[in-house]
Amino acid sequence: MGPPGAGKTTVGRIIGHRLGRSVIDVDDDILEKAWDMTVAEKLSEVGGEQFLEEEGKALLNFTISGSVISLTGSNPIHSRSMEHVKQNGIAVYLDVCTEDIIERLERMKVDRIVGQGPEVSMRDILRYRQQFYKKWCDTRVLCGAGDTAEKIADKVLEAVKRYQDSESETFVSTRGTLSRNSGSNTGKKFFSDVIVEGLAPDGGLYVPLNGLPKLTSSEWQRLVNMSFPERAQVLLERCIHPADVPPAHLLEIVERAYGENFACSRIAPVRHLMHNQYVVELFHGPTASFKDLSLQLMPQLFAYCIPRTCNYLVLVATSGDTGSAVLEGFKNLSDIDKQRITVLAFFPEKGISSVQKMQMTRYVEGNVKAVGVNSDFDFCQRAIKKMFTNSELTGFLAVEYGTALSTANSINWARLLPQVVYHSSAYFDLISQGVLSFGDPIDVCIPTGNFGNVLAAVYAKRMGIPIRKLICASNQNNILTDFLRTGEYDLNGRRLLISVSPSIDILKSSNLERYLYLISNGDWQLVRDLYSQLERQNLFRVPGSLLERIQQGWCSEEECLATIQSVHSATGYILDPHTAVAKVVADRLQDGTCPVVIASTAHYAKFAPAVLKALKFKEVTENTLHQLQLLHSLGSLPPVHNTLLESLKEDKQKHKICEADHSALIHQVETFIQDKFMKVL
């Protein structure tokens with residue numbers, strides 16, 4: 001199926017010939033025979049609305065199997081007939097370039113399209129019908145501009161093969177043999193499994209066995225004129241098997257995730273900063289950080305995939321931004337889902353900004369809660385990982401409350417996929433703005449602590465985005481940049497330093513494990529040995545030849561604050577401290593021969609004291625709202641984040657604080673579940 005002029009009849013005939021199957025064209029073989037007149041004559045006789053009903057009735061009276069059927073462009077508008085057709089077949093949507101379709105229709109002088117008329121744009125008709133093709137399709141074929149019918153037929157057969165082989169896209173652990181044997185279903189893990197489990201049983205992280213799909217140049221170019229949600233839908237369809245999440249359900253999830261909850265309709269816009277530097281603004285979501293791009297989507301995917309016979313407790317360790325984004329994302333689930341899914345976030349009590357703490361601790365009712373810990377992020381993350389392998393805890397939760405553990409940290413595969421989307425989308429925004437032509441390279445500079453954001457850019461590059469140079473930017477907690485420079489990951493003698501960019505105050509970067517698995521070509525034995533060594537000795541080394549060419553750098557607190565001031569003075573644009581870290585490193589490492597995209601990971605208002613200090617404000621009160629009002633008075637870009645501002649006007653809430661002891665955190669987990677379970681009863 002697809003719009004008029006998509007080539008359905010021609011492609012159907014090619015496929016029928018290849019498969020040795022009969023081919024049925026609904027227009028010629030069903031409608032015109034049933035009506036004893038041409039489609040154009042019927043449309044002229046009864047008008048568009050009645051035509052759709054007559055067309056639907058004719059299809060309802062038709063039943064056949066073992067054939068290739070080319071639907072009309074308007075069949076999918078009639079719901080009952082599509083339900084009938086889909087009972088016996090796979091609906092393939094030919095998503096053809098609009099310009100190609102319009103050119104064909106003008107050349108063929110087609111006059112039998114419902115809605116066609118002198119006052120109606122063909123482009124508007126095609127745009128209106130897209131919703132019906134997306135609603136009914138089992139799989140989509142993204143056709144590049146100028147693709148021949150033969151090439152589209154190849155893609156259709158590949159898409160059908162993928163659809164029918166639901167076991168073709170399995171996941172493995174970075175540390176073990178899980179799912180590598182193809183004989184039995186036992187032990188195989190699919191997308192719907194890994195999003196629910198979060199962490200692999202052997203302590204490793206889940207990755208797709210066959211890697212991520214690669215798009216062709218013509219397929220990538222189709223994304224240039226799409227909106228952010230449309231780009232997300234295309235890429236996620238390619239990365240999530242339809243047996244796990246059917247395209248129609250995925251569409252509903254994507255539209256809910258990237259809608260009015262974002263302050264900017266472009267979701268993750270790209271803005272020129274200075275010279276050849278651009279920022280991709282990832283902070284327009286409800287909690288004002290890049291984590292919203294994943295965590296408005298991931299909770300809905302999670303709720304769709306979990307078994308209906310089990311409750312889930314999602315545990316989260318946060319260095320600041322993840323916590324509020326997770327709590328906000330899961331808070332907005334349906335009431336039914338909130339009865340089955342609860343979230344508990346642990347954060348370093350003295351290691352995040354006052355705004356970040358206020359964002360998390362305002363959640364005092366419902367299915368989500370945050371607890372402060374008198375330690376750092378690394379302790380919180382380590383404690384949660386241990387809980388997953390604590391059989392006494394997991395057994396207690398399962399037996400007493402029918403509850404299993406999961407996680408929404410970036411160790412969960414579903415957290416990474418949306419990040420691949422926004423790195424890709426930034427490239428296409430630069431094309432739309434006339435900065436690039438497709439195929440031109442860009443550099444990407446990312447402030448990072450847990451390495452997920454950088455890893456997502458690596459995946460985007462491997463899928464086909466022409467990223468020339470990846471630049472990993474750290475603050476004074478620069479263990480990652482040291483590792484990328486030397487191949488040595490050494491925690492010995494390292495003390496976590498509190499900085500003005502707390503979200504990257506991390507020493508033990510979880511997603512580095514996926515990166516090592518990737519660059520070693522899936523050598524799980526090597527990865528397992530490295531992390532075993534890290535557990536025993538707080539140290540591992542890899543051969544320098546193994547590391548891909550990721551450039552790296554770090555900046556001091558003084559450089560970070562000075563950059564916030566200098567950029568504002570020159571452009572009127574305010575960077576948050578994390579983006580400023582990336583700007584310092586980009587200035588140092590870029591060579592000026594191509595555009596560099598700096599990931600702006602949070603709104604500056606979340607770090608108001610540091611920003612005001614950088615901007616040389618002498619007298620600043622400790623009142624957070626007053627601090628934001630001072631920043632608002634500057635009239636700078638980007639504007640104040642209104643959703644963030646409104647959330648901070650709520651009354652400050654008290655919150656639980658526990659000591660840096662594993663048993664204390666386990667006690668918080670047990671108490672939280674007991675309270676929630678009693679409330680449900």
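The values are calculated or read from the model by the stated rules, or taken from the named source; none is laboratory data. Values in this document were obtained by computation on a predicted structure and should not be read as measured data. Cβ sites come from the backbone with ideal geometry, for glycine too, and all protein chains shown count toward neighbours. Calculation scope for accessible area: heavy atoms of the full protein, side chains included, ligands and nucleic acids excluded. Shrake-Rupley method; radii C 1.70, N 1.55, O 1.52, S 1.80 Å.
In Å², and per residue, what accessible area does the chain have when probed at 1.4 Å with the other protein chains present? Kindly include the intermediate steps, with their values, before the conclusion.
Details: 27500 Å² over 681 residues.
Per-residue value: 40 Å².
The residue list GLY320, ILE306, LEU397 was ranked by how far each Cα lies along the charge dipole of the range 298-435 toward its positive end, using unit charges on Cβ atoms, and LEU397 comes out on top.
Could you look at the range 230-365 and say what percent of its accessible area is carbon and sulfur, using a 1.4 Å probe and all protein chains? Don't skip to the end; give the middle numbers.
Details: 2020 of 4100 Å².
Roughly 49 percent of what the probe reaches on the range 230-365 is carbon or sulfur.
Among the trypsin sites (Lys or Arg not before Pro) in the range 541-642, those located in a DSSP loop and surrounded by at most 15 other Cβ atoms within 10 Å of their own Cβ are ARG549, LYS616, LYS618.
Site pair LEU534 and LEU497 shows an inter-label distance of 2.2 nm when each label is modelled 7 Å from Cα along Cα→Cβ. Remark on TYR312: its backbone amide H falls under 5 Å from those of ILE341, THR342, ALA404, a criterion applied only to residues 5 or more positions apart or on other chains, H modelled at 1.01 Å from N. Scanning the chain for GluC sites (Glu not before Pro) that sit in a DSSP loop and have at most 15 other Cβ atoms within 10 Å, the longest stretch containing none of them is 366-547. Here's the list of lysines a cross-link from LYS613 could span, going by alpha-carbon distance under 27 Å and ignoring same-chain residues fewer than 8 apart: LYS291, LYS350, LYS357, LYS583, LYS649, LYS652. Projecting the Cα positions of LEU157, CYS239, LEU126 onto the charge dipole of the chain (unit charges on Cβ atoms of Lys, Arg, Asp and Glu, taken about the Cα centre) puts CYS239 furthest along the positive direction.
With +1 on the Cβ of every Lys and Arg and -1 on the Cβ of every Asp and Glu, and nothing else charged, how large is the dipole of the chain about its Cα centre, in debye rounded to the nearest 20? Kindly include the intermediate steps, with their values, before the conclusion.
Working: 72 positive and 78 negative charges, 239 e Å.
About 1140 debye.
Assign unit charges at the C-beta atoms only (+1 for Lys and Arg, -1 for Asp and Glu), then state the dipole size of the range 349-505 relative to its Cα centre in Debye, rounded to the nearest 20. Working shown, then result.
Numbers: 15 positive and 13 negative charges, 15 e Å.
Using Cβ point charges on Lys, Arg, Asp and Glu, the range 349-505 gives about 60 debye.
Dipole orientation for the chain: of the candidates LEU94, PHE438, LEU212, LEU212 has the Cα lying most toward the positive pole (charges on Cβ; Lys, Arg +1; Asp, Glu -1).
Residue order by solvent-accessible surface for ASP591, ASP429 is ASP591, ASP429, largest first, with ligands and nucleic acids left out and a 1.4 Å probe.
Under the simplified labelling scheme, the LYS618-ILE519 pair shows an inter-label distance of 5.0 nm, with each label point 7 Å from Cα along Cα→Cβ. Classify the range 258-362 as rounded, prolate or oblate from the Cα gyration tensor: take a ≥ b ≥ c as the square roots of its eigenvalues, call it rounded if a/c is under 1.5, otherwise prolate when a/b beats b/c and oblate if not. In terms of gyration-tensor shape, oblate.
By the Stokes-Einstein formula, at 1.567 mPa s and 4 °C, the range 388-438 with its Kirkwood radius over alpha-carbon pairs has D equal to 90 µm²/s. In loop segments of the range 1-108 as defined by DSSP, the trypsin sites (Lys or Arg not before Pro) with at most 16 further C-beta atoms inside 10 Å of their C-beta are ARG21. If one takes the longest principal axis of the Cα atoms in the chain, at what angle in degrees, from 0 to 90 and to the nearest 10, does the Cα axis of helix 48-60 lie? Taking the Cα atoms of the chain, the angle to 48-60 is about 90 degrees. A DSSP coil position with no more than 16 other Cβ atoms inside 10 Å describes none of the chymotrypsin sites (Phe, Trp or Tyr not before Pro) in the range 477-527. Could you tell me whether the range 180-287 comes out rounded, prolate or oblate from its Cα gyration tensor? Rule is a ≥ b ≥ c as square roots of the eigenvalues, rounded for a/c under 1.5, then prolate if a/b exceeds b/c, otherwise oblate. It is prolate, given that a/c is not under 1.5 and a/b is the larger ratio. Using the Cβ-Cβ distance between SER334 and LEU157 with R0 = 25 Å, the FRET efficiency computed as 1/(1 + (r/R0)^6) comes to roughly 0.05. Charges were assigned to the Cβ only: +1 to each Lys and Arg, -1 to each Asp and Glu. The resulting dipole of the range 181-305 about its Cα centre is roughly 300 debye. In the complete set of protein chains, residue-level accessible area for SER545 is approximately 110 Å², probe 1.4 angstrom. Rolling a 1.4 Å probe over the protein chains gives VAL270 an accessible area of about 10 Å². Dividing the convex hull volume of the alpha-carbon atoms in the chain by its residue count gives 177 Å³ per residue.
Averaging the Cα positions of each part gives two centres, and for the range 612-676 and the range 86-157 these lie 49 Å apart.
Hey, what did the range 348-440 get for relative contact order, percent, Cα under 8 Å, at least 6 apart? Each step should come with its number before you reach the end.
On the way: 40 pairs, mean separation 15.6, N = 93.
With pairs under 8 Å counted, the relative contact order is 17 percent.
Under the rule a/c < 1.5 gives rounded, and otherwise a/b versus b/c splits prolate from oblate, where does the range 467-565 land using the Cα gyration tensor? Since a/c reaches 1.5 but b/c is at least a/b, the shape of the range 467-565 is classed as oblate. Straight-line cross-link partners of LYS676 among the lysines, defined as a Cα under 20 Å from its Cα and at least 8 positions apart when in the same chain: LYS331, LYS338, LYS369, LYS654, LYS656.
Which percentage, to the nearest 5, of the DSSP beta bridges contained in the chain is antiparallel?
On the way: 14 of 62 bridges.
Roughly 25 percent of the beta bridges in the chain run antiparallel, per DSSP.
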